[in-house]
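All of the numbers you see were taken from the coordinates with simple rules; none came from a lab. Note that the coordinates shown come from a computational prediction; the quantities given were computed from them, not determined experimentally. All Cβ positions, even for glycine, are placed from backbone atoms using ideal geometry, and neighbour counts span all protein chains on display.
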């Protein structure tokens, strides 16, 4: 396969900017698409070309197959990079790309269909003897008497509390918790609505709601020549209502033995799928019980891929592009070393003091921190009006150091230097977490951010 001359980025915000920058580093032309709400967005300004694809609503723009592909044809793009969210895990869109002979930078439609919907991934895990959390192995469609009955049966069988997950999504989007049958009805309606809006799919599945675990995920790369590696793990346990807010690599309490154990399981998943591209396999890890459960597969780039890049020195987006061009991986498993420690804080346009309600608006002042050991992946600039139609992520602030303590110290310094005025943000939350003793110990679990005492410290 020839080298790509031009790539269309079917996304927006900081991830579109991030992909454009790697394209420029590789000498590849970049094509942005944008909704009417994003005409002044940073990714539009930085791309070599840009095409409007519709109304602000995602279903009319970033989720519109015809408009995205029309922009690809008009621009002469060789390939489409989906980033994450939107069309990144939609096998129907991938199939359209294949039919129109535009390379999709990710797995094939056949491969993606093996892993999506997410319940299908659970079935696969059982086949390869990886433990899964109790729950439904089939997608459930709401709005029918049979669907409602089946949901109630599964919840009653595995026991409350349960979580309801959109079948077609990821990133914690649309996940709802239910503690009884009455809450189950509301959770189903919420998951269905969010799933349809974010991913164009309304089906869902149900899992047991677990407590006291680490949310650990492994980054996997696989090429079309049979080479598969993992790049170690990320700890994504600081979550607010299932949405990740702080990530780090490596996990501070995962031993070399469990890194090997879960890493091998992640590679087994890629091999079972005949996977080609970047893959993330997520686990729930229970250190005291010495066991882990499969959580989900993400057949795309992760928001938090950056911390893995910082501790391995591998540009994951560059590898994605090389793999899609038919090249072999640039590394093998023996080449991969985890060097130092990295921390990422997601800066969202949300009012942390008011239960994280969205806070769009004009960015009246922006001064980004600088100095050794920092990286910022941003999708904003001073004077930009942050829209309310999409995900609230404004930027990712990352630090890296020889030790975890070094990385945390640099992150605290960066947060102190940051000046961002206009929209309310999650910065106050990060100040609290970075000084929380349980976080500093590394032994925190997924319930840390939702505890009443954390919310209490935010209000002071």
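Ordered by the number of other Cβ atoms lying within 10 Å of each residue's own Cβ, fewest first, 75, 255 fall into the sequence 255, 75. Looking at the chain, the DSSP beta bridges with both ends there are about 80 percent antiparallel.
Computed on the range 6-105, with alpha-carbon pairs under 8 angstrom and 6+ residues apart, the relative contact order is 29 percent. Taking all Cα pairs closer than 8 Å and separated by 6 or more residues, the relative contact order of the range 224-353 comes to 31 percent. Calculated mean residue ellipticity at 222 nm for the chain: -10500 deg cm²/dmol, from DSSP H runs with n ≥ 4 weighted as -39500 (n - 2.57), summed, divided by the residue count and rounded to 500. Taking a ≥ b ≥ c as the square roots of the eigenvalues of the Cα gyration tensor, the chain is rounded, since a/c falls below 1.5. From the alpha carbon centroid of the range 3-18 to that of the range 362-425 is 21 Å. Between residue 52 and residue 421, the modelled labels are 3.3 nm apart [label points 7 Å from Cα along Cα→Cβ].
The mean sequence separation of alpha-carbon pairs under 8 Å and at least six residues apart, normalised by the residue count of the chain, gives a relative contact order of 14 percent.
Relative protection proxy for 334-346, 78-90, from highest mean packing down: 78-90, 334-346 (other beta-carbon atoms within 10 angstrom).
Normalised by 2.2 N^0.38 Å, where N is the number of residues, the alpha-carbon radius of gyration of the range 214-459 equals 1.02. Packing around the peptides 223-236, 445-458, taken as the average count of other Cβ atoms within 10 Å per residue, puts them in this order, highest first: 223-236, 445-458.
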